[in-house]
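**Student:** Got a structure here, written out as structure tokens. Questions coming.
The values are calculated or read from the model by the stated rules, or taken from the named source; none is laboratory data. Only a predicted model underlies this, so the values are computations on that prediction, with no experimental measurement involved. Cβ placement follows ideal geometry from the backbone for every residue including glycine, while neighbour counts extend to all protein chains displayed. SASA here: full protein model, heavy atoms, side chains in, ligands and nucleic acids out. Shrake-Rupley method; radii C 1.70, N 1.55, O 1.52, S 1.80 Å.
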Amino acid sequence: MIRIHNSLAREKQAFNPIEPGKVRMYVCGLTVYDYFHIGNARTLTVFDMVYRWLKVAGYDVKYVRNITDVDDKIIDRANKNGEPIEALTTRMVAAMHEDCDRLLLLRPDAEPRATQHIDNMLGLIGDLVTNGKAYPASNGDVYYAVREFPGYGKLSGKSIDDLRAGERVAVDGHKRDPLDFVLWKAAKPQEPHWCSCYGEGRPGWHIECSAMSKAELGETIDIHGGGWDLQFPHHENEIAQSEGASNKPFVNYWMHAAFLNMDNEKMSKSLGNVFTTREVLNKLDAVQGGEAVRFFLLRGHYRSEINYTWDILQDARGALVSLYTALRDVPPEVPPAEVALDWNESWAKRFFDAMCDDFNTPMAFAVLFELRNEINRTRDAKLSGLLRALGGTLGFLQADPAAFVQGTVSDDAAEIDALIVARNEAKKAKNFAEADRIRDEIKARGIILEDGAGGTTWRRA
Ligand code: AMP
Ligand code: ZN
């Protein structure tokens, strides 16, 4: 029996799916205008872990993760790049898949794109207008009337009156209430738009998840996930839209992944403290990098914030290498596919119980480290097979151990960072000969420097 912390109930609850043995899970995915950052990677990896574990626990899972391919940020970026929106989003979806593959993320069972579900969104908006929960405004926008939905605020624990008093909501003459949110935006020149009975326009962001979740999974689903920041307003608005239209519960278990911070501050584009996943992976050893980042992202409990620094990432990499070292030194007797896990066996049971208790990965990882110590002490090849099989349930320890431990390149990332600092200092001191010398030294190591607005980044050639 799995227990899940349900953000709606604010407590851990026994997980009972709507249909025995089946799970319908929807996770809010990426807005594809740029490479995703290592904070986004955390949320993606957490739900990959949940997906894998539900399957290990015997459920037949349908996992849907949407792609937001029309939105202000995408339109701005495409205009800035001077390229069509579709060219940008197609490129970014391909890059997203590459980076997800490197993190060993399983592909969701469906990845619906907003632009493919405009009709479903208009269908939902129509239902909401018909039953009085939404209204077209004179400017061609359509708004959700939050006061018409009595449950508004139940997920975030905010009441409409608190929200009005506490939040600074822009006064907008077209809305009946400042808290009303947009379902359909009237077309502006130079923006993508679709035909509707309210006039030409494009959907608001929130409506896409209600429409795609319903189209892929039905009106009531088991699990809905996303990062903590989405709880309000995005998920609150999804509830208002879906339940407002269907009069049925939308989601039985809401799950939210806590933030990844950068030096103890939230990582976000607006703060400018962002590392793309690609950039981090390219600094790491090609053999170890993806699995090491994955290990780092899952080492903390998904409801605890985690901190990203290069040293913490290196520490996680070292810990993972130590597990592989035990596998290298005491090779398992049988190939991974032939290890049938017996969940009654005492090590396996502890791992299983930890994972079933709201996906407690730190506790499950602790079992792996104890097992490593036991393998190193006893040289027991059966335990070694068990370690690899347990790791495999969460997407770890399936590479060739000797090759993994060895890696491909020496770990010189810290030295390269120091050389970049030295080069920047030389440039500042107008010592250009020294700056050039350092640049050549970096180049000789097979490193490509990229000087950008946010400073100098690097990658391996
Ligand atoms: P976005 O593309 O900004 O809509 O974000 C995609 C997903 O990443 C959402 O589920 C966000 O909640 C999540 N996310 C964004 N920033 C972070 C962060 N620093 N840590 C963890 N998750 C994040
Ligand atoms: Zn969403």
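**Student:** Specify which residue in the list Cys197, Ile207, Thr43 is farthest towards the positive end of the charge dipole of the stretch 17-260, using unit charges on the beta carbon of Lys, Arg (+1) and Asp, Glu (-1), about the Cα centre.
**Tutor:** After comparing all options, I get Thr43.
**Student:** Hey, with R₀ at 45 Å, roughly what FRET efficiency would Asp263 and Ser138 work out to, going by the Cβ-Cβ distance, to 0.05?
**Tutor:** So, using R0 = 45 Å, E works out to roughly 0.40.
**Student:** Can you order the peptides 21-27, 75-81 by their average number of other Cβ atoms within 10 Å per residue, highest first?
**Tutor:** Output ranking for 21-27, 75-81: 21-27, 75-81.
**Student:** Cα axis of helix 38-56 to longest principal axis of the chain: angle in degrees, 0 to 90, nearest 10?
**Tutor:** It works out to around 80 degrees.
**Student:** Which angle from 0 to 90°, rounded to the nearest 10, does the C-alpha axis of helix 72-81 make with the longest principal axis of the chain?
**Tutor:** Helix 72-81 and the main axis of the chain meet at about 70 degrees.
**Student:** For Asp357 and Asp161, FRET efficiency with R0 = 45 Å and r from the beta-carbon atoms, rounded to 0.05?
**Tutor:** 0.75
**Student:** Using 0.36 nm times the number of residues separating Ile448 and Asp380, minus their current alpha carbon distance, what extension gain do you get?
**Tutor:** Taking Ile448 through Asp380 to full extension adds about 20.0 nm, to one decimal.
**Student:** Let me ask something else. Can you compute the FRET efficiency between Asp127 and Arg10 using 1/(1 + (r/R0)^6), with r the Cβ-Cβ distance and R0 = 41 Å? Round to the nearest 0.05.
**Tutor:** In this case the efficiency is close to 0.85.
**Student:** How many Å² of accessible area per residue for the stretch 409-460, probe 1.4 Å?
**Tutor:** Heavy-atom SASA per residue in the stretch 409-460 reads 62 Å².
**Student:** Here is a further query. What ranking do 248-260, 300-312 get when scored by the average of other Cβ atoms within 10 Å per residue, highest first?
**Tutor:** Ranked by mean Cβ neighbours within 10 Å, highest first: 248-260, 300-312.
**Student:** Another question, then. Can you compute the charge dipole magnitude of the chain about its Cα centre, using +1 on each Lys and Arg Cβ and -1 on each Asp and Glu Cβ, nothing else charged? Give it in debye, rounded to the nearest 20.
**Tutor:** Computed charge dipole of the chain: roughly 260 debye.
**Student:** For the pairs Lys12/Lys349; Lys22/Lys154; Lys12/Lys269, note any where the Cα-Cα span goes beyond 28 Å.
**Tutor:** Lys12/Lys269
**Student:** Right, next: Ignoring any ligand, DNA or RNA, what whole percent of the accessible area of the chain comes from carbon and sulfur when the probe is 1.4 angstrom?
**Tutor:** 49 percent
**Student:** Something else now. Charges only on Cβ, +1 for Lys and Arg, -1 for Asp and Glu: so what's the dipole of the stretch 17-260 about the Cα centre, in debye to the nearest 20?
**Tutor:** Dipole about the Cα centre, nearest 20: 300 debye.
**Student:** So for the stretch 17-260, taking the charge dipole from beta-carbon charges (+1 Lys/Arg, -1 Asp/Glu), which of Asn131, Tyr152, Pro112 sits furthest toward the positive end?
**Tutor:** Of Asn131, Tyr152, Pro112, it is Tyr152.
**Student:** While we're here: What trypsin sites (Lys or Arg not before Pro) in the stretch 388-461 are in a loop by DSSP, with at most 16 other Cβ atoms within 10 Å of the Cβ?
**Tutor:** Lys430, Arg445
**Student:** Measure nothing fancy, just the Cα-based angle from helix 118-130's long axis to the longest principal axis of the chain, in degrees from 0 to 90, nearest 10.
**Tutor:** Approximately 40 degrees, to the nearest 10.
**Student:** For the stretch 381-433 and the stretch 74-96, write down the distance between their C-alpha centroids in whole Å.
**Tutor:** 31 Å
**Student:** Taking only protein heavy atoms and a 1.4 Å probe, what accessible area per residue, in Å², does the stretch 17-260 have with all protein chains in place?
**Tutor:** 40 Å²
**Student:** Any idea which of Ala381, Pro336, Phe369 is furthest toward the positive side of the dipole for the stretch 307-404, if Lys and Arg beta-carbons carry +1 and Asp and Glu beta-carbons -1?
**Tutor:** Value: Ala381.
**Student:** Return the whole-Å distance between the Cα centroid of the stretch 195-244 and the Cα centroid of the stretch 53-72.
**Tutor:** For the stretch 195-244 versus the stretch 53-72, the Cα centre distance is 15 Å.
**Student:** For the stretch 302-461, give the magnitude of the charge dipole about the Cα centre (Cβ charges: +1 Lys/Arg, -1 Asp/Glu; no others), in debye to the nearest 20.
**Tutor:** Taking the Cα centre of the stretch 302-461 as origin, the dipole is about 420 debye.
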